[in-house]
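Working notes for the structure below.
The values are calculated or read from the model by the stated rules, or taken from the named source; none is laboratory data. Everything quoted here is computed from the prediction, not taken from an experiment. Glycine gets a Cβ as well: all are built from the backbone with ideal geometry, and neighbour counts include every protein chain shown. Just the protein is used for accessible areas: all its heavy atoms, side chains included, with ligands, DNA and RNA removed. Shrake-Rupley method; radii C 1.70, N 1.55, O 1.52, S 1.80 Å.
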Amino acid sequence: RVNFHSNSIRSCNCSSGMAEASNHFGFPPGLEEGLALRCEAQHATDGHSHQRLVGPRPVPVDGFDTWQALGRPCVFAWALGPAEDVVEGTASVTRGSRGPQRLQPPEPVLASFTVAIWVRFWGQVGDNPATLLEFGSTGEFLVLRAAPGGGSALELSGNPCAHAYLPHDRWMLLLVVRMGADAKCSAHGAWDAMGVRHLGELGSIKSDATLSGLGGGSPSGRESMMLWSHVAEVAMWKRALTAKEQTMLFASNGASFGCMSREQAEVMLAGRPPLRTEAQETEFQARLELTRAGGAPPGVADFSHFSNPGGFKVSGTDLPTILGAVVASGSVEQLKLGAAHLEAEDVCDVVTALQELPGRLNAVDLTGCTVVGELGRKVVDTFPYGGGYSLEAAACGLPEEDVRRLRNQTAEAQRALHALAEELQDNDKMNAEYLAQQDALEDLSVLEESRDDPPPPPPPSHHPLAWRRGIDGPARLAYNEFRDANRDGLQAKTEEEDKLSWHMVDKAGEQIALSGDEYEFLSSERSKLLGRVAGLEDEEEPPPVDINRPGVEELMNTVADQASYVGFMVWNGVRPNADEVEALRRQQREDWDQKWRHLRDCQVKLSTQAKAIYDLKGQETKVASGQLIAHFSYLCLGRQPELGEKLELEPLSRFGLKRLSDAPRAKPRNGTDLHQAYATGLVNIDAATGRGYGQDSLELTLRGNTECAVVVQRGTIFQHVDWVHRQNLLVAVDAVLDVPAGGQVSMKLHAYCMNASCACARGNPMQLTEFYFDDVEVLKMQCRVWNHFQTAFGLK
């Protein structure tokens with residue numbers, strides 16, 4: 001029995017040459033399930049003393065004073081390799097202290113299993129492989145051999161693990177895991193605060209294999225003289241440890257083995273992702289900006305490989321930010337996350353994002369993310385193959401046939417992607433058309449916004465400005481009424497001395513006759529409206545019009561001939577006599593004032609009814625819903641309620657809306673829903689401002705009474721505070737705001753435009769409503785949102 005002065009070092013019983021199992025190092029609770037073997041070189045009992053490793057005695061590996069000063073236990077370990085004297089650098093091992101360890105009795109390898117060893121490699125690997133684990137009954141070995149390009153790589157019985165490049169001269173936790181009888185073994189390793197890495201696949205082990213020992217010489221019988229290793233602990237489970245359990249196993253001893261600080265270990269044990277350094281955070285933010293700009297290469301958002309020394313992984317808490325950047329790009333089709341720190345719910349969120357996120361994302365790469373393998377059939381059987389989406393799940397622990405199926409390289413998938421691409425083209429076209437209508441919709445907004453006195457009347461229906469796309473409905477209706485009353489338009493008749501006169505019926509049903517001179521005068525007025533180009537008149541052909549003038553092209557496509565246009569002018573009250581024209585203008589102004597006041601009265605009545613039903617008492621300043629329903633009901637009237645018409649609010653079901661008080665939403669997984677946070681006093685809503693639509697269109701400012709994470713869920717709706725006849729906004733992507741206690745935070749959200757017949761918001765104040773919209777198919781893209789609501793309004 002050898003005793004050391006440090007309290008962190010336990011005694012070791014080496015008299016028999018056998019190492020007993022130990023609890024000297026940490027062992028997280030819950031991992032006892034399925035534990036078949038655990039042996040430590042520290043030599044204490046842990047309840048599995050019937051297992052024995054037979055071989056040379058363990059030796060102290062690390063300097064006592066250094067490790068004692070760091071508050072870590074001195075590490076005892078078995079020196080593996082051929083049984084002979086070796087001197088490597090400053091490390092010295094005496095005769096009889098190095099050699100293989102034999103497990104007596106051998107441990108059977110079941111369909112699912114995990115083998116974990118704490119190991120440290122010394123020197124450089126030679127030309128021949130060095131053995132780590134021996135599966136004696138079948139003659140299979142886990143060995144370390146030279147890797148292409150330098151370094152060393154794992155290999156299982158001739159099946160190389162190409163990506164398993166392992167560090168030397170430091171302790172690491174090495175794991176070999178098999179998820180099931182049909183699955184290949186995979187290798188995992190951890191040696192720093194980045195946590196457990198997936199190293200690659202190792203191939204298969206025969207069904208009747210047994211774990212029979214550690215170390216020894218080369219399986220080929222030739223020795224690898226340049227490499228040897230120390231193993232401090234070996235454990236085996238009759239099941240596959242989950243990714244979370246692997247992390248807990250590493251974190252429980254990672255600080256003791258010098259892999260990370262105790263603070264980092266505590267973070268990992270608490271289930272939180274490793275904290276990024278300043279340099280790592282800088283690179284992460286740069287990658288987000290690269291993604292927003294379209295990715296590199298174009299169309300690819302890569303969060304699986306980072307150049308920062310030591311590397312790092314993104315985690316589930318990064319997903320909202322990453323997905324937000326993908327949506328902001330508008331062009332990213334593939335998202336690479338690799339072996340990210342994800343939980344089962346995070347993987348489900350990623351699959352959901354494929355189906356529901358706006359944009360072009362159709363493929364996600366989760367290579368090496370073992371949580372996918374743990375989910376197994378849940379992912380494979382429920383994946384949305386019909387949408388053409390694909391998931392790369394290599395090296396996750398799934399059977400190869402499932403990996404191929406998730407790649408979804410089928411003719412049906414290609415057809416689905418082609419259909420999606422065509423719809424996205426339609427979406428782009430609709431967005432371009434809507435943006436081109438903004439000047440016209442702005443003019444409409446001025447006519448219908450809340451104000452004390454009527455604005456100037458709109459241009460008459462024969463004016464090109466009335467035919468601009470987006471506001472041309474009333475003009476087209478008026479022209480159709482003119483043609484219904486005058487099937488042949490303005491008709492020419494030959495009078496005495498071969499003079500022409502022109503005849504039609506006006507709105508009152510009375511006959512109107514124009515002399516040739518009057519017709520020519522009105523024709524010249526028409527030319528002024530259409531922007532005829534001076535100096536190009538031709539006796540045989542009418543001079544060209546300026547089709548670049550707003551509304552001219554649309555008007556000429558419908559009212560092409562000159563006589564019909566003049567007749568339409570007369571239908572709208574235009575006369576060749578100046579006195580008559582002035583009198584008509586006064587009458588039209590009076591008519592417009594009366595109509596505008598009627599419209600305002602209707603708006604006020606609708607708002608009063610809606611606010612009485614839907615606004616929450618005492619919260620109207622920041623949370624209100626009535627104005628939205630009043631506006632939607634007004635749109636359903638075609639913005640033209642007749643005098644004396646009974647005004648009724650439309651039901652929520654007509655628009656597909658739901659009210660939180662009637663149908664509460666599911667709680668978000670990470671954070672508190674905005675409505676709940678506001679209602680319970682966690683936060684105050686300082687401001688909500690709308691600017692356009694799409695990316696960064698809705699700026700929300702919150703003030704925290706308590707530190708909290710607030711989630712603005714997809715489908716949340718914001719309304720305008722009064723009649724401005726501008727678009728209401730529908731949140732398109734979940735957003736998370738980390739709100740400090742007593743502090744203020746602002747975020748710009750991605751939101752859809754709900755009203756294609758209304759102008760964009762231009763810095764207008766907005767209010768959170770109690771309504772939400774959760775049709776995931778409609779929420780996929782802007783054109784679907786427009787089609788849904790325009791159909792509901794009766795405007796499509």
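Out of ALA560, ALA583, I need the residue that is more than 45 Å from the chain's Cα centre (by Cα) and either under 15 Å from LEU529 (Cβ atoms) or not aliphatic (A, V, I, L, M) (or both). Which one?
Being more than 45 Å from the chain's Cα centre (by Cα) and either under 15 Å from LEU529 (Cβ atoms) or not aliphatic (A, V, I, L, M) (or both) holds for just one of ALA560, ALA583, which is ALA560.
Mind counting the residues in segment 663-721 that are under 20 Å from ASP774 (Cα atoms), more than 19 Å from the chain's Cα centre (by Cα) and open to solvent by 40 Å² or more (accessible area, probe 1.4 Å)?
3
Among the residues of segment 436-471, what is the count of those that are farther than 27 Å from SER607 by Cα, charged (D, E, K, R) and crowded, with 17+ Cβ neighbours inside 10 Å?
Residues in segment 436-471 being farther than 27 Å from SER607 by Cα, charged (D, E, K, R) and crowded, with 17+ Cβ neighbours inside 10 Å: 1 in total.
Take TRP596 and tell me if it is in contact with a helix residue (DSSP H, G or I) (Cβ under 9 Å, 6 or more places away or on another chain), within 28 Å of ASP498 (Cα to Cα) and modelled with pLDDT of 90 or more.
no
Among the residues that make up segment 600-607, is at least one of them at positive phi, within 45 Å of the chain's Cα centre (by Cα) and small (Gly, Ala, Ser)?
Within segment 600-607 (the criterion being at positive phi, within 45 Å of the chain's Cα centre (by Cα) and small (Gly, Ala, Ser)), the answer is no, since none of the residues qualifies.
Determine whether segment 692-700 contains at least one residue that is free of Cβ contacts under 8 Å to residues at least 40 places away in the same chain and assigned to a loop (DSSP other than H, G, I, E, B).
Within segment 692-700 (the criterion being free of Cβ contacts under 8 Å to residues at least 40 places away in the same chain and assigned to a loop (DSSP other than H, G, I, E, B)), the answer is no, since none of the residues qualifies.
What pairs come up if the first residue lies in segment 290-307 and is among the polar types (S, T, N, Q) and in a loop (DSSP other than H, G, I, E, B), the second is modelled with pLDDT under 95 and surrounded by 18 or more Cβ atoms within 10 Å (Cβ to Cβ), and their beta carbons are under 7 Å apart, counting only those six or more places apart or on different chains?
Close Cβ pairs (under 7 Å, with a partner that is modelled with pLDDT under 95 and surrounded by 18 or more Cβ atoms within 10 Å (Cβ to Cβ)) amount to SER304/GLY338.
With the condition kept exactly as written, say whether any residue in segment 781-788 is buried (at least 22 other Cβ atoms within 10 Å of the Cβ) and in contact with a Leu (Cβ under 6 Å, 6 or more places away or on another chain).
Taking every residue of segment 781-788 in turn, none turns out to be buried (at least 22 other Cβ atoms within 10 Å of the Cβ) and in contact with a Leu (Cβ under 6 Å, 6 or more places away or on another chain).
Answer yes if at least one residue in segment 611-624 is part of a loop (DSSP other than H, G, I, E, B) and open to solvent by less than 50 Å² (accessible area, probe 1.4 Å), and no otherwise.
Yes: one or more hits.
Could you list all residues from segment 389-438 that are farther than 19 Å from TRP786 by Cα, acidic (Asp, Glu) and touching a residue at least 40 places away in the same chain (Cβ under 8 Å)?
Selection gives GLU400 alone.
Any residue in segment 247-268 that is touching an Asp or Glu at 6+ places or on another chain (Cβ under 7 Å) and of a type outside the set (Ser, Thr, Tyr)?
Yes, that holds for at least one residue.
Give me the pairs: first residue in segment 555-568 and within 10 Å of ARG526 (Cα to Cα), second residue of a type in the set (Val, Ile, Thr) and part of a loop (DSSP other than H, G, I, E, B), beta-carbon distance under 6 Å, and six or more apart or on different chains, which are they?
Partner pairs satisfying both residue conditions: TYR565/VAL559.
Looking at ASP346, ASP365, can you tell me which residue is charged (D, E, K, R), crowded, with 18+ Cβ neighbours inside 10 Å and either in contact with an Asp or Glu (Cβ under 9 Å, 6 or more places away or on another chain) or free of Cβ contacts under 8 Å to residues at least 12 places away in the same chain (or both)?
Answer to the check: ASP365.
Let's see how each residue does on (1) over 30 Å from GLY470 (Cβ atoms); (2) at pLDDT 95 or above; (3) buried (at least 18 other Cβ atoms within 10 Å of the Cβ):
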{"residue": "GLY397", "(1), (2), (3)": "yes, no, yes"}
{"residue": "ARG407", "(1), (2), (3)": "yes, yes, no"}
{"residue": "GLU412", "(1), (2), (3)": "yes, yes, no"}
{"residue": "ALA416", "(1), (2), (3)": "yes, yes, yes"}
{"residue": "ALA419", "(1), (2), (3)": "no, yes, no"}
{"residue": "GLU422", "(1), (2), (3)": "no, yes, no"}
{"residue": "LYS429", "(1), (2), (3)": "no, yes, no"}
{"residue": "TYR434", "(1), (2), (3)": "no, yes, yes"}
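Every residue in segment 154-171 that is modelled with pLDDT under 75 and more than 18 Å from ASP192 (Cβ to Cβ), please.
Those that are modelled with pLDDT under 75 and more than 18 Å from ASP192 (Cβ to Cβ): SER157, GLY158, ASN159, PRO160, CYS161, ALA162.
Could you list, in sequence order, the residues of segment 590-602 that are over 14 Å from PRO455 (Cβ atoms) and surrounded by 13 or more Cβ atoms within 10 Å (Cβ to Cβ)?
Selection gives HIS598, ASP601, CYS602.
Residues in segment 574-614 that are touching a residue at least 60 places away in the same chain (Cβ under 8 Å) and within 19 Å of LEU514 (Cβ to Cβ): how many?
2
Failed condition for GLY295, given (1) of a type in the set (Gly, Ala, Ser); (2) under 21 Å from CYS369 (Cβ atoms); (3) at pLDDT 95 or above; (4) open to solvent by 20 Å² or more (accessible area, probe 1.4 Å), with all others met?
(4)
Criterion first (part of a loop (DSSP other than H, G, I, E, B), modelled with pLDDT under 95 and open to solvent by less than 20 Å² (accessible area, probe 1.4 Å)) does MET268 satisfy it?
When the stated conditions are applied, MET268 does not pass them.
Give me a count of the residues in segment 724-749 that are open to solvent by 10 Å² or more (accessible area, probe 1.4 Å) and within 30 Å of ASP472 (Cβ to Cβ).
Matching residues across segment 724-749 total 2.
How about segment 757-767: which of its residues are open to solvent by less than 20 Å² (accessible area, probe 1.4 Å) and either more than 22 Å from LEU660 (Cβ to Cβ) or touching a Phe, Trp or Tyr at 6+ places or on another chain (Cβ under 6 Å) (or both)?
Of everything in segment 757-767, those that are open to solvent by less than 20 Å² (accessible area, probe 1.4 Å) and either more than 22 Å from LEU660 (Cβ to Cβ) or touching a Phe, Trp or Tyr at 6+ places or on another chain (Cβ under 6 Å) (or both) turn out to be SER757, CYS758, ALA759, CYS760, ALA761, MET766.
Of (1) open to solvent by less than 90 Å² (accessible area, probe 1.4 Å); (2) within 18 Å of VAL559 (Cβ to Cβ); (3) not in a helix (DSSP H, G or I), ALA508 satisfies all except one. Which?
Failing condition for ALA508: (2).
So, in segment 472-490, exactly how many residues are open to solvent by 30 Å² or more (accessible area, probe 1.4 Å) and either in a helix (DSSP H, G or I) or in contact with a Leu (Cβ under 8 Å, 6 or more places away or on another chain) (or both)?
Selection size over segment 472-490: 9.
Take ASP775 and tell me if it is at positive phi and either out of contact with any helix residue (DSSP H, G or I) (no Cβ under 6 Å at 6 or more places or on another chain) or open to solvent by less than 20 Å² (accessible area, probe 1.4 Å) (or both).
It is false that ASP775 is at positive phi and either out of contact with any helix residue (DSSP H, G or I) (no Cβ under 6 Å at 6 or more places or on another chain) or open to solvent by less than 20 Å² (accessible area, probe 1.4 Å) (or both).
With the checklist (1) in contact with a Cys (Cβ under 8 Å, 6 or more places away or on another chain); (2) closer than 28 Å to LEU749 by Cβ; (3) hydrophobic (A, V, I, L, M, F, W, C) in hand, flag the one item LEU361 doesn't pass.
Single failed check for LEU361: (1).
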